[in-house]
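J.: Here's a structure for you.
None of the figures in this text is laboratory data; all of them are computed from the coordinates on show. The structure displayed is predicted, hence computed values, not measured ones. A quick note on method: Cβ atoms are made from the backbone with ideal geometry, for glycine too, and the neighbour counts reach across all protein chains shown.
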Amino acid sequence: MVKIGIITGSTRDARVNAQVAEYILEKSKNSEGANFELVDIKDYDLPIFNETVPPAMANKEYDKEANTKWSQKIDSLDGFIFVTPEYNNAITPSLKNAIDYLGPEWRNKAAGIVGYGATLGVAATLNLRNILSNANVATVGPFGAFSLFTDFEEMSTFRPSEVHNATIQAVIETTVAWSKGLQTTRA
Ligand SMILES: Cc1cc2nc3c(=O)[nH]c(=O)nc-3n(C[C@H](O)[C@H](O)[C@H](O)COP(=O)(O)O)c2cc1C
């Protein structure tokens, strides 16, 4: 069994992110050989990055208690599905901050990306692929791209079109397959 975390990408109080993340969790329920869990970056309440040692060199030893908890959670997972909105053609500062906090905890693991926004979150998805490549996270080809205008009612209630079903299934299945494969690399 591989363990996959569905990672939220927004922490603002009025976010729609949690609805999309819950939907991905629901869609992943029947995946064979994998356990999925929601990992909400809001729960970790990470301040703006202020560690003494760059995480890539910190050997998983951190100054802040909040980061130790975050480190242990990411370390316990084999793969991820990031659910990201688009803010100014990029991911949110809170998601970038959460990624920056860690180093080896991400390394040689797989990730799927599900984006959303006024322009389908595509710029954020590409931005996230680039960021994750530096952490040696392998991002799978298929990606979710929900429209704020047609997959949400009044830009606030998530009502995804069925047209996305096959792609989301491909994101989930490929992330599971690559997460299994990369266990060998980490071993
Ligand atoms: C600061 C800010 C910048 C945004 N920039 C973009 C953008 O560049 N492209 C886009 O498609 N949507 C953009 N949006 C719209 C968001 O994708 C939309 O508000 C979405 O609901 C945000 O996700 P959240 O509610 O989960 O935080 C922006 C929203 C905010 C708050």
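J.: Are there DSSP H segments in the chain that both extend 24 Å or more along their axis (alpha-carbon positions) and score a mean Kyte-Doolittle hydropathy of at least -1.0? List them, or say none.
T.: Membrane-span-like by this rule: 165-186.
J.: Which three numbers, in whole Å and largest first, are the semi-axes of the equivalent ellipsoid of the stretch 91-157 derived from its Cα gyration tensor as √(5λ)?
T.: With the √(5λ) rule applied to the stretch 91-157, the semi-axes are 25, 13, 9 Å.
J.: Please enumerate, by chain and number, the lysines with C-alpha under 20 Å from the C-alpha of LYS96, excluding those fewer than 8 residues away in the same chain.
T.: Those lysines meeting the cut-off are LYS42, LYS60, LYS64, LYS69, LYS73, LYS109.
J.: Calculate the length of the line joining the C-alpha centroid of the stretch 150-165 to that of the stretch 23-46, in whole Å.
T.: Between the Cα centre of the stretch 150-165 and that of the stretch 23-46, the gap is 20 Å.
J.: Could you rank the peptides 83-95, 172-184, 109-121, 53-65 by their average count of other C-beta atoms within 10 Å per residue, with the highest value first? Intermediate values should be presented prior to the final figure.
T.: Values: 83-95: 20.6, 172-184: 19.0, 109-121: 23.8, 53-65: 13.3.
Per-residue mean Cβ counts within 10 Å order the peptides as 109-121, 83-95, 172-184, 53-65.
J.: When the distances between all Cα atoms of the stretch 2-186 are binned every 5 Å from zero, what whole-number percent does each bin get?
T.: 1, 9, 18, 22, 22, 15, 9, 3, 1, 0
J.: So, by mean Cβ neighbours within 10 angstrom, what's the order for 140-148, 33-41 with the highest one leading?
T.: Working: 140-148: 19.9, 33-41: 16.9.
The most tightly packed comes first, giving 140-148, 33-41.
J.: A further question on this structure: Could you rank the peptides 153-160, 71-78 by their average count of other C-beta atoms within 10 Å per residue, with the highest value first?
T.: Going from most to least packed, we get 71-78, 153-160.
J.: Please give the net charge around LYS69, taking every other residue with its beta carbon less than 11 angstrom from that of LYS69, where Lys and Arg add +1 and Asp and Glu add -1.
T.: Once positives and negatives cancel, what remains is -2.
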